[in-house]
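Okay, so here's the structure we're looking at.
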Amino acid sequence: MLITVVFALHIYQTRGAVSGKAPEIRGQLLDGTPVSLGEFRGQPVLLQFWAIWCPVCRLEAGSIHSIARDHAVLSIALEDRSADETRRWMENKGVSYRVILDPSGQISGRFGVKGVPTSMIIDASGEIRFVEVGYTSEIGLRLRLWWVGR
């Protein structure tokens, strides 16, 4: 029964998320460096949608930082804060990973993101293989990245 409830909740939370080939993302990192999702082709990537105001996202920040040391990570911050404010928050938290600001929700909208945090694991060919909404453990994300990269 519990497995059924968890599975049903997962389906409900991810109901609007895109599947198949990941839409292209082009933007600027907090330091102004241009970046695109296509740069990560050939390797698995964690695409993380988050916001500073989200308590669960703040809880996951350390895990995302740790994963970014070993795997490709691109994060999309649903923030109306400036790049400097977001960068200062990250420095104060002691985390560092690639961040694109999405103040209008344009990027998150193309991916069907309804809530944060949302984690998407994209395989080497650009296919979205896993979508999780809400808290996901570091080991869970690492296992998914390993799975799509084997």
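The values are calculated or read from the model by the stated rules, or taken from the named source; none is laboratory data. The structure displayed is predicted, hence computed values, not measured ones. Here Cβ is always computed from backbone atoms with ideal geometry, including for glycine, and neighbour counts include all displayed protein chains.
So, in segment 115-138, of the ones that are crowded, with 16+ Cβ neighbours inside 10 Å and among the charged types (D, E, K, R), which residue ends up modelled with the lowest pLDDT?
Per the criteria, the residue is Glu132.
Just to be sure I understand, how many residues within segment 57-92 are over 16 Å from Met120 (Cβ atoms) and either part of a loop (DSSP other than H, G, I, E, B) or not charged (D, E, K, R) (or both)?
Filtering segment 57-92 down to residues over 16 Å from Met120 (Cβ atoms) leaves 58-59, 61-62, 65-66, 69-70, 79-92.
Now drop any that are not either part of a loop (DSSP other than H, G, I, E, B) or not charged (D, E, K, R) (or both), which leaves 59, 61-62, 65-66, 69-70, 79-83, 86, 89-90, 92.
Going through segment 57-92 one residue at a time, the tally reaches 16.
State whether the residues of segment 123-133 include one that is farther than 18 Å from Ser36 by Cα and in a helix (DSSP H, G or I).
So the first thing to find is which residues in segment 123-133 are farther than 18 Å from Ser36 by Cα, and the list is 129-133.
Going one step further and asking which of them are in a helix (DSSP H, G or I), we end up with none.
Taking every residue of segment 123-133 in turn, none turns out to be farther than 18 Å from Ser36 by Cα and in a helix (DSSP H, G or I).
Restricting the search to segment 98-110, which residues are buried (at least 19 other Cβ atoms within 10 Å of the Cβ) and part of a helix (DSSP H, G or I)?
Ile107, Ser108
Rundown of residues vs (1) of a type in the set (D, E, K, R); (2) under 28 Å from Arg150 (Cα atoms), yes/no style:
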| site | (1), (2) |
| --- | --- |
| Gly42 | no, yes |
| Leu47 | no, yes |
| Ala51 | no, no |
| Pro55 | no, no |
| Glu60 | yes, yes |
| Arg81 | yes, no |
| Val95 | no, yes |
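Name the pairs whose Cβ atoms lie under 9 Å apart, with the first residue in segment 83-101 and on the phi < 0 side of the Ramachandran plot, the second among the β-branched types (Val, Ile, Thr) and surrounded by fewer than 16 Cβ atoms within 10 Å (Cβ to Cβ), and 6 or more positions between them or separate chains?
Note: pairs meeting the criteria are Arg98/Thr33.
Hey, can you tell me all the residues within segment 24-36 that are part of a loop (DSSP other than H, G, I, E, B) and either within 10 Å of Val99 (Cα to Cα) or among the small types (Gly, Ala, Ser) (or both)? Write out each step before concluding.
Of all residues in segment 24-36, those part of a loop (DSSP other than H, G, I, E, B) come to 24-25, 30-33.
Listed by number, the residues that qualify are Leu30, Asp31, Gly32.
Which residue out of Val113, Val95 is part of a loop (DSSP other than H, G, I, E, B), farther than 21 Å from Arg26 by Cα and of a type outside the set (Ser, Thr, Tyr)? Give the steps one after another, and end with the answer.
On the way: Val113 fails: farther than 21 Å from Arg26 by Cα.
Of Val113, Val95, the one residue that is part of a loop (DSSP other than H, G, I, E, B), farther than 21 Å from Arg26 by Cα and of a type outside the set (Ser, Thr, Tyr) is Val95.
Of the residues that make up segment 37-55, is at least one outside any strand (DSSP E or B), aromatic (Phe, Trp, Tyr) and within 15 Å of the chain's Cα centre (by Cα)?
As a first pass, look at segment 37-55 and keep what is outside any strand (DSSP E or B): 37-44, 51-55.
Okay, now just the ones that are also aromatic (Phe, Trp, Tyr), so 40, 53.
If we keep only those that are within 15 Å of the chain's Cα centre (by Cα) too, we end up with 40.
Yes, that holds for at least one residue.
Test Ala83 against the stated conditions and say whether it is among the aliphatic types (A, V, I, L, M), buried (at least 16 other Cβ atoms within 10 Å of the Cβ), modelled with pLDDT of 95 or more and over 24 Å from Glu138 (Cβ atoms). I'd like the intermediate steps shown before the answer.
On the way: among the aliphatic types (A, V, I, L, M): yes; buried (at least 16 other Cβ atoms within 10 Å of the Cβ): yes; modelled with pLDDT of 95 or more: yes; over 24 Å from Glu138 (Cβ atoms): yes.
Against the criterion (among the aliphatic types (A, V, I, L, M), buried (at least 16 other Cβ atoms within 10 Å of the Cβ), modelled with pLDDT of 95 or more and over 24 Å from Glu138 (Cβ atoms)), Ala83 qualifies.
Which condition number in (1) of a type in the set (S, T, N, Q); (2) modelled with pLDDT of 95 or more; (3) within 19 Å of Gly134 (Cβ to Cβ) is the one that Gln43 fails?
All conditions are met except number (3).
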